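Read-outs: derived from the displayed coordinates by stated rules, not from any lab. On a predicted model such as this, the values are computed, not experimentally measured, just so you know. Backbone-built Cβ (ideal geometry, glycine too); neighbour counts: all protein chains shown.
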Amino acid sequence: MAKIKRADFRLFLLAVVMLLCLSAIVARLWKLQIIDSEKYARRVGGSSTVKVRIPSVRGEILDRNGIPLVQNRASYNVDFYLPDMVKGYRDLNGSVPKVVENRPIHGMQRAVEVPDILKIVNTGVIPRLQQLDLARDYNPTRLKKHFDVNSLVPFTYIEDVDFPTIAKFSEHNVGLPGVDIAIRPVRQYLYGAFAAHILGYVGMPRHIDQLPDVKQFHFYQPDVEGKSQIEKAMDVYLRGEPGVRIMRRSAKGLMEGEVETIPPKPGANVYLTLDARIQYIVEMALRHPSIGRAAAVVMDPNNGDILAMVSVPSFDPNVFIPKIKPEDWRALLNDEAVPLVNRAVSGFPPGSTYKIITAMAGLTKGLGNKKFHCSGGVGYGNHYFRCWIAGKGQHGTLGLADALKVSCNAFFYQYGNEAKGETIEKVAASLGFGQTVPNLGLSDQRAGTNPGPEWRYALTGNRVWTSADTANISIGQGSVQASPLQMTAAYAMVANGGTAYEPRLIKKVVSADGKILVPDEPVVRSEWHGMLSPEQVEEVRRGLWKVVNEPGGTGSRAKVPGVVVAGKTGTAQASDRGVKEHIAWFCCFAPYDNPRYAVTVMVQGGEGGGAVAAPVAARILQECFALEKGAKVHLRPLPPARGKNPFTPIQALPPYAGEIASFSDDAPSDLVVNEGGEGTVQMAIPDLEKPEEPEPTPPPRRAQRVTQGAGGNTVVQPSNGVVEPSGREERPRRSFNPFRRLFERKPNPAPTPRRAGRP
């Protein structure tokens, strides 16, 4: 009996254990199939879920005071959801038209039946749109390809629809399956052509299949990307993070709904050092009807902040949004004035404005008290270099300050040779000449050229450098190429008494959640530290004061009532195949005792720096100081700046301040020409993006001869030409265009120096 009881107990125990195991299995199946079904369905991968990339929302670009310059506006698109159109057609008609196509299946081409999407669209959708006058031409090939490879992403039928059209869609309730109105953020440049050469523009990526995250998604909707300037340089901050839409797909390949959506994160906001009010003032100052090609920069000399930077002619970056029209693209490329080039960061011969570099080079050699005599020119060997005053008189014996005042070329020929060419080269390099500005935020700046023995060696392999070469660079000609930005930075250093700040355009970058990603910190150039004492810098400042404020100074037309201005005029010359034009410069700072603004104005085609550039600088300064007294600037959208006739030589502009003292402008001297050096114009080649559709587009116009200079800089090559003093030169009938072969980068043999010859 006991044995029977023990057997029954064992059977009972076994039954309990089996029951418990069965219960555990049932519970586990319940959890897997009911509770965790969605989770494991998502893990199945491409067979059950589909990941669609959602483009990010691009950050804003603002001025230093928080005024938005670039934002995102709402763009309305008419989209076709093609799978819904197929389903709607089937629901209405019972079946869909089919076509037989060869498709790769398991590595082999096989004939399969697929929906005839073009017939479905043309017979089931377009007629209704035609009734409402909402139909548009579309690319059937593109639609068919989209349906075959990218059907889960909507096909954009009409892009960036105007509001009346959207209102018509809403009014008539189109009611077509698969036709939807989508709202997407689109870039908007709020003030048109305002600061276009700084802001740049955006566009779609050219090679989507090569983007780093393209393999993470079944269907890829790309972000726009920066194509030039701030938009390009700060793209990594502006673009944000994309979102993800996860959709459930049935075994038959049909979408059964949305599983999860992770919204995109907006990009960071970029704050510029620009003051939108000052930028507007400079924009308007360069829109004088006589000015066709010019640039101007305004900088705070106490920290290197760029307060304004303008280049004319200009363009409206909104024409690139959402996609530039082929005719607009051709117009920009074929414009003889080259509006896409940012002249503010392009290289030009700076003429006499460069004499402060020579002056400071001499001061490092103890030449502060040295005097030289001007009898109308200076001879070196068998060669004679004339001063601009030759034929009108002579300057006599001058010290440094008075030589700056009257812009005496003969003085600086001698002064520069006493200082030596290598010293001028070293001083210029320490101030950033021949270099680009790191982290500036502009994608097309060029280094220019800083000639000297070391530059010659890098270019040609020899260090043959003559007194004639030094004479040329001493007055800012020969092979010297400097940008308005570089000149402004040099004058800003002189203005503040000797601290060389790196030019700065990016003030700070702030993330969407308020974190500062790029700090607000000025940068001082260590290369310049200790080069000159404050007393030596003051000698240069005193000469620049004389230029504007003493009788006989070349910059008297830069006077501003109630403000003491100091500066320097310059007139250089560029040439191409014997066709020459002047380039007018004026660099200055104000107020003299407590400088708050350093300003450079460069005008192509200007016959004299004092007559053309100085009045423009005076206008800019006067209005900047008016701002400090409470004047208001009302920003409004600007059309592209063009000028009445960009290639007509400009004799003079009326003085803005109204005070005209005894005036004697400086002019180009008679120069020794280095082949490939004197008179060249090196402009920044813009980062142009050719529209993808339609193709082909005409090739860009190109400059006549392009050679590869030191450091890989592209230099537009002129013909030989000895520069005659202003006023005695035969006026050319048209100015040359240095960009007819803008994109031709075939290096020519390195130029060989020429010996000076008597004119």
Check: Based on the Kirkwood radius over alpha-carbon pairs, what value in µm²/s does the Stokes-Einstein equation return for the translational diffusion coefficient of region 73-140 at 10 °C and 1.306 mPa s?
Finding: 113
Notebook entry, point to check: Taking H as built 1.01 Å from N, whose amide H comes closer than 5 Å to the amide H of Phe348, not counting residues under 5 places away?
Noted result: Ala482, Ser483, Gln682
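Calculate, in nm to one decimal, what Lys371 and Leu22 gain on full extension: separation in residues at 0.36 nm each, minus their alpha carbon distance.
Going from the current span to full extension adds 114.7 nm.
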Notebook entry, point to check: Say R0 is 51 Å: what FRET efficiency, to the nearest 0.05, do Gln130 and Thr648 get from their beta-carbon distance?
Noted result: 0.45
Notebook entry, point to check: Could you give the length gained on full extension between Ile246 and Glu527, defined as 0.36 nm per residue of separation minus the Cα-Cα distance, in nm?
Noted result: 95.7 nm
Next item on the list: Return the distance in nm (one decimal) between the two label points of a simple spin-label model at Thr123 and Gln109, each offset 7 Å from Cα along Cα→Cβ.
Entry: 2.8
Next item on the list: Fewest Cβ neighbours within 10 Å first, please rank Ile306, Ile324, Ile54 accordingly.
Entry: Ile54, Ile324, Ile306
Item checked: Cα→Cβ-extended label distance, 7 Å offset, between Leu92 and Arg10, nm -> 7.7
Notebook entry, point to check: Ranking His288, His197, His207 by Cβ neighbours within 10 Å, fewest first, what do you get?
Noted result: His207, His288, His197
Next item on the list: Choose one of Ser314, Gly366, Thr436: the residue whose Cα lies farthest towards the positive end of the charge dipole of region 293-444 (beta-carbon charges +1 Lys, Arg; -1 Asp, Glu; about the Cα centre).
Entry: Gly366
Check: Would you list Met247, Met284, Met487 from fewest to most Cβ contacts within 10 Å?
Finding: Met284, Met247, Met487
Next item on the list: With 23 Å as the limit, write out which pairs from Lys227/Lys323; Lys87/Lys119; Lys98/Lys215; Lys365/Lys405; Lys371/Lys568 have Cα-Cα distances beyond it, or answer none.
Entry: Lys98/Lys215
Note to self: Amide H of Tyr157 versus every other amide H placed in the peptide plane: which residues, excluding those fewer than 5 positions away on the same chain, fall under 5 Å?
What the structure shows: Val78, Asp79, Phe80
Notebook entry, point to check: Can you give me the Cα centroid spacing of region 377-425 and region 542-564 in angstrom?
Noted result: 21
